[in-house]
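The values are calculated or read from the model by the stated rules, or taken from the named source; none is laboratory data. Nothing here was measured: the structure is a model prediction, and the numbers come from that model. Note: ideal-geometry Cβ built from the backbone for every residue, glycine included; neighbour counts use all protein chains shown.
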Amino acid sequence: MADNDAIAQLMARCVLRDQRAFRELYRHTCAKLYAVALRIVRREDWAEEVLQESFVNIWNHIAEYSAARSAPLTWMTAIVRNRALDWLRRPNLEHGDEDYDLLVEAVADDAPGPELILGASRDARALAECLKQLTGNQRQTIILAYSHGLSHGELAQHLKQPLGTVKTWIRRGLDRLKGCMDTSAAG
Amino acid sequence: MKYTNPQFRDAVSAEYVLGTLQGAARRRFERSLKDDPRLRQLVAQWQNRLAPLDELVEPVQPPARVWRKIEDRIVRAGPRRWLSDMRFWRAASFISAACALLLAVYIVQQPPRAPETMVVVMSGDQGTPAMTVSWPVKPSGKPKLRIRVMGHPDMPPGTSWELWMLPGSDQKPVSLGLIGTAPMQELAIPANLAPMINRATGLAMSQEPAGGSPTGLPTGPVLYKGLCTPI
C-alpha cells in the first residue's frame, strides 16, 4: 500500500510541474491504480489505456487537488475509476457476459463476511462493520457496482431480478451505509 | 437539471461515485460539479466512504510501455503548458515592456548604476495575469518583494495565501511566507534566501490552511504561478 504522506509530498512537487516527482508518483501508485482499472474493465489492453489517460489527467489537474477534501490516493483512484467507467460505457463495446456471471458468483450474498475481505485500516473496518448491517442483496449489488463497474441493467440481468428491484436495493443500501458510517464517525 | 433537493443531491452523488449514474445523467451531473463546490464536497464524502473497497485490490504491475506513453504525452510534448500559453507571453511581454520603460526612465535619471530587477507575472488557470511580484536583484542583503494583486480576489475564511519560490526543476519549492489580498504589499524575505531567489525559475501562490502549509510544501490548490523574468 503506497504511503499517503509520501504521495502528498510528490503531488506538491508535481503541482509546480516537477517531472521527476511525477515519475516517482507514477512509480509509487501505478500498480495499485492499474489493478483498480483492471478490476473494472477486465482486459489488460483496456486497463493500460485507462491508466495512461488517467495519469495524463492527473498531471493536468493536479493543482485542483485539495488535501482538505480527500487523501491523495483516494483522489487519484477516483480519476482512474471515472476513466474506467467511461471506457466501459463506450458505445459498441464488446462485453464478455460470462465474466459477469463469474463475478456475480464470486460476490455472492452468502459470501464470507466483508470483514474478512476488507483491509485492516480504521476506515476499512468502519466500512466493513456498516456493510454487515445491509441485507445480502444490498451489499452484493453495491460491491459489484463499485468494485467491478456493473451497471443497473447488468446487475438486473445477471442477478435475474427486475431493474426496479436492483435500483431499490442500491438506493436503500447506500442510504443505510451513510447512516451507519456517519454514526460510527461521530461516535 | 438543477440539483436542489438535499436528499436528492446526496443520493445522486452516491450513485455517481458508485458508478451506477450513467449516460446523459452522468454527463449532466459532471457539468454541475464544475460550478457547485458543495456538490463536489458531497462527492468527496462518498469517495471517502467507499474508498476502503479499493484496499482489497491486489496491486498489478503495468507494462513499462504505459509510462513511456504517458511521458510522450506530457513530459516531452509539453513540459509546462503555461509556458506555451500565448496569453501568458503576451501578458509577460506587455508587463516586461512597461517595466523596461520604467527602468529606462530610472537609468536616465540615475546614470551610474542600474540595479537589475526581477519580475514575475503570475496568473491562474485562465491565463489572466492576477498578481505581479518584483524585486531588485542584489548580490547581498534582504530583498524586499513588491507585490501587486489585481482585481479583488476573495480569500475564504480559515485559509491563507502562501508564496513559494521554485528553485529549479528538481528542487522542492521553498516558502517565502504568507501574503494577503491587498492590492499593494511588500514582503521581506530572509537573507539566506536572497542568493536563491535571484536564480529561481518561478514563483507560485497556493491556498493553505490558516497560518500556512503544515508540511512545509504546498498542500492546497495553486491559485497563481509565473516565471521569473529579469529586466
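For this structure, a couple of remarks:
- The combined condition, being in a helix (DSSP H, G or I), of a type in the set (A, V, I, L, M, F, W, C) and modelled with pLDDT of 95 or more, is not fulfilled by B:VAL60.
- Checking each residue in the stretch B:142-169 for being hydroxyl-bearing (Ser, Thr, Tyr) and within 11 Å of chain A (Cβ to nearest Cβ) picks out B:THR159, B:SER169.
- Of all residues in the stretch A:1-23 being within 8 Å of another protein chain (Cβ to nearest Cβ) and touching a residue at least 24 places away in the same chain (Cβ under 8 Å), the one that is nearest to A:HIS148 (Cα to Cα): A:MET1
- Of all residues in the stretch A:140-160, those that are within 11 Å of chain B (Cβ to nearest Cβ) and touching a residue at least 12 places away in the same chain (Cβ under 8 Å) total 13.
- Filtered by the rule that a residue be touching a Lys or Arg at 6+ places or on another chain (Cβ under 7 Å) and within 22 Å of A:CYS14 (Cα to Cα), the stretch A:30-56 gives A:VAL50, A:GLN52, A:GLU53, A:SER54, A:VAL56.
- The set of residues in the stretch B:31-40 that are under 30 Å from A:ALA124 (Cβ atoms) and surrounded by fewer than 13 Cβ atoms within 10 Å (Cβ to Cβ) comprises B:PRO37, B:ARG38.
- Residue in the stretch A:15-30 that is surrounded by the fewest Cβ atoms within 10 Å (Cβ to Cβ), counting only those that are under 25 Å from the mean Cα position of the chain (by Cα) and over 21 Å from B:LEU223 (Cβ atoms): A:ARG27
- Filter pass, A:ALA71 being under 27 Å from A:ASP123 (Cα atoms) and surrounded by fewer than 20 Cβ atoms within 10 Å (Cβ to Cβ): yes
- Of note, B:GLY211 satisfies the criterion of being within 23 Å of A:PRO72 (Cβ to Cβ), in contact (Cβ under 8 Å) with a residue 12 or more places away in the chain and surrounded by fewer than 18 Cβ atoms within 10 Å (Cβ to Cβ).
- Residue within the stretch A:24-42 that is part of a loop (DSSP other than H, G, I, E, B), facing chain B (nearest Cβ under 10 Å), of a type in the set (Lys, Arg) and on the phi > 0 side of the Ramachandran plot present: no
- Listed conditions (1) closer than 25 Å to B:SER206 by Cα; (2) modelled with pLDDT of 90 or more; (3) not β-branched (Val, Ile, Thr) are all met by A:ASP3, apart from (2).
- Residues within the stretch A:46-80 that are part of a helix (DSSP H, G or I) and facing another protein chain (nearest Cβ under 7 Å), tallied: 11
- Residue within the stretch B:217-225 that is at pLDDT 85 or above and closer than 17 Å to B:LYS138 by Cα present: no
- When residues of the stretch B:43-68 are limited to those that are charged (D, E, K, R) and exposed (fewer than 15 other Cβ atoms within 10 Å of the Cβ), the one nearest to the chain's Cα centre (by Cα): B:ARG68
- On the stretch given as the stretch B:182-208, residues that are loosely packed, with under 13 Cβ neighbours inside 10 Å, under 27 Å from B:PRO157 (Cα atoms) and of a type outside the set (D, E, K, R) total 4.
- Taking the criterion of being touching an Asp or Glu at 6+ places or on another chain (Cβ under 8 Å) and assigned to a helix (DSSP H, G or I), the only residue of the stretch B:2-13 that qualifies is B:ALA11.
- Condition check for B:GLY220: among the small types (Gly, Ala, Ser), assigned to a loop (DSSP other than H, G, I, E, B) and either surrounded by fewer than 21 Cβ atoms within 10 Å (Cβ to Cβ) or within 13 Å of another protein chain (Cβ to nearest Cβ) (or both): yes
- From the list B:ASN198, B:ASN192, the one residue that fits, being away from chain A (no Cβ under 14 Å), touching a residue at least 40 places away in the same chain (Cβ under 8 Å) and not β-branched (Val, Ile, Thr), is B:ASN198.
- Residue check, B:GLY141 modelled with pLDDT under 85, assigned by TED's automatic domain parsing to the domain that holds B:GLU116 and over 30 Å from A:LEU10 (Cβ atoms): yes
- Hey, A:GLU44 under 29 Å from B:TRP164 (Cβ atoms) and either surrounded by fewer than 17 Cβ atoms within 10 Å (Cβ to Cβ) or under 14 Å from the mean Cα position of the chain (by Cα) (or both) or not: no
- The residues of the stretch B:206-217 that are within 11 Å of chain A (Cβ to nearest Cβ) and among the aliphatic types (A, V, I, L, M) amount to a single one, B:LEU217.
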